[in-house]
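The values are calculated or read from the model by the stated rules, or taken from the named source; none is laboratory data. Quick caveat: nothing in here was measured; it's all calculated off a predicted structure. Cβ coordinates were reconstructed from backbone atoms using ideal geometry, including for glycine residues, and neighbour counts include every protein chain displayed.
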């Protein structure tokens, strides 16, 4: 937590976000789902995708480029697959309901792959992957978004940050939960550096001239995971492109280069998602799998750390620890984020209880 950040109770912030969505015409259930997902990001310590993004969602709704009364339509279906059209609905409730359907089919058949086209930004991918854990399943969530990532060897951004999240249960050990962008960092990390007035590490981003920059205010595009060719940028590029294929062409929608976002003229974004869920017992006895996961995760968590490192973590550990702290002590918000939320509250004629 930064020196000037203020802790806001989770319930207080959640209620405000629900009210803000309702005020601009989002139906009650969709407002609650959207708030759940947005606050989950802050609770888990993923500050790049939490309430600092609220104004962006509200702005696009007020611009009339999001359908607040969508019909989630089935385009194609088999026992183990599902293709959906979100009807340009708000991304978070659309994705939530798509993952619910994916989980239900996986419970019946053992596995399901679900694609979604014609949606919008859906928050953190990890929220949807962990929905599978609640049903005792394994889960994967992916999405495309605004083109911000420069392919390895290229000059201009063609791909989105193409996030992927994976959630795998264990037995007694906490689960393995990976939630990552396929760029070196998410764009929200640039926004955090801008708020704090701090330079960014070399290798995160390019400026308008196609040169690497450490100035967050001149950054216009991101490097793929690996950053530079000599550090394996082709691997992040390839993984991001794979996700673009699932969320774009396979879903029947545009891929990153053609997806609209906050930087383009106001129009429907065309964002696509892909989800997977599967039953463990479709592959091997569940108790044996969970015991093997416990052994693997316990071994990694007990690994000897390098000098200067407190302990070895498994993906999902930092978020779980952040959630325990923030549910007990409130969500830390930067003063600039608080100022923006207060300004947004005034614009929407809402009280700002923080």
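Only a single item in (1) in contact (Cβ under 8 Å) with a residue 24 or more places away in the chain; (2) farther than 15 Å from residue 276 by Cβ; (3) out of contact with any strand residue (DSSP E or B) (no Cβ under 7 Å at 6 or more places or on another chain) is not met by residue 79, and it is number (2). Answer with yes or no whether residue 166 is in a loop (DSSP other than H, G, I, E, B) and closer than 17 Å to residue 236 by Cα. Here the answer is no, as residue 166 does not meet what is asked.
When you check residue 218 against the structure, is it surrounded by 16 or more Cβ atoms within 10 Å (Cβ to Cβ) and either modelled with pLDDT of 95 or more or under 30 Å from residue 12 (Cβ atoms) (or both), yes or no? No.
Looking at 8, 65, 17, just one residue is closer than 28 Å to residue 190 by Cβ and surrounded by fewer than 17 Cβ atoms within 10 Å (Cβ to Cβ), and that residue is 65. Can you spot a residue in the stretch 182-196 that is in a loop (DSSP other than H, G, I, E, B), out of contact with any strand residue (DSSP E or B) (no Cβ under 8 Å at 6 or more places or on another chain), more than 30 Å from residue 88 (Cβ to Cβ) and touching a residue at least 12 places away in the same chain (Cβ under 8 Å)? No, the conditions are met nowhere in the stretch 182-196. For residue 308, the requirement of being loosely packed, with under 14 Cβ neighbours inside 10 Å and on the phi > 0 side of the Ramachandran plot is met.
Residue-by-condition table, conditions (1) closer than 22 Å to residue 137 by Cα; (2) touching a strand residue (DSSP E or B) at 6+ places or on another chain (Cβ under 8 Å); (3) in a helix (DSSP H, G or I):
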residue: 237; (1), (2), (3): no, yes, yes
residue: 240; (1), (2), (3): no, yes, yes
residue: 251; (1), (2), (3): no, yes, no
residue: 272; (1), (2), (3): no, yes, no
residue: 304; (1), (2), (3): no, no, no
residue: 310; (1), (2), (3): no, no, no
residue: 325; (1), (2), (3): no, no, yes
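Scanning the stretch 133-156 turns up one or more residues that are under 14 Å from residue 277 (Cβ atoms), assigned to a helix (DSSP H, G or I) and either under 19 Å from the mean Cα position of the chain (by Cα) or touching a residue at least 40 places away in the same chain (Cβ under 8 Å) (or both).
Please return the ranges of helices (runs of 4 or more DSSP H) entirely within the stretch 3-113 where 2 or more residues are under 24 Å from residue 349 (Cβ atoms) and assigned by TED's automatic domain parsing to the domain that holds residue 319. Explain how you work it out, then say what you get.
On the way: elements: 10-23, 28-43, 54-62, 91-109.
It comes to 10-23, 28-43, 54-62.
Among the conditions (1) surrounded by fewer than 18 Cβ atoms within 10 Å (Cβ to Cβ); (2) in the same structural domain as residue 113 (by TED's automatic domain parsing); (3) within 30 Å of residue 14 (Cα to Cα), the only one that residue 238 does not satisfy is (3).
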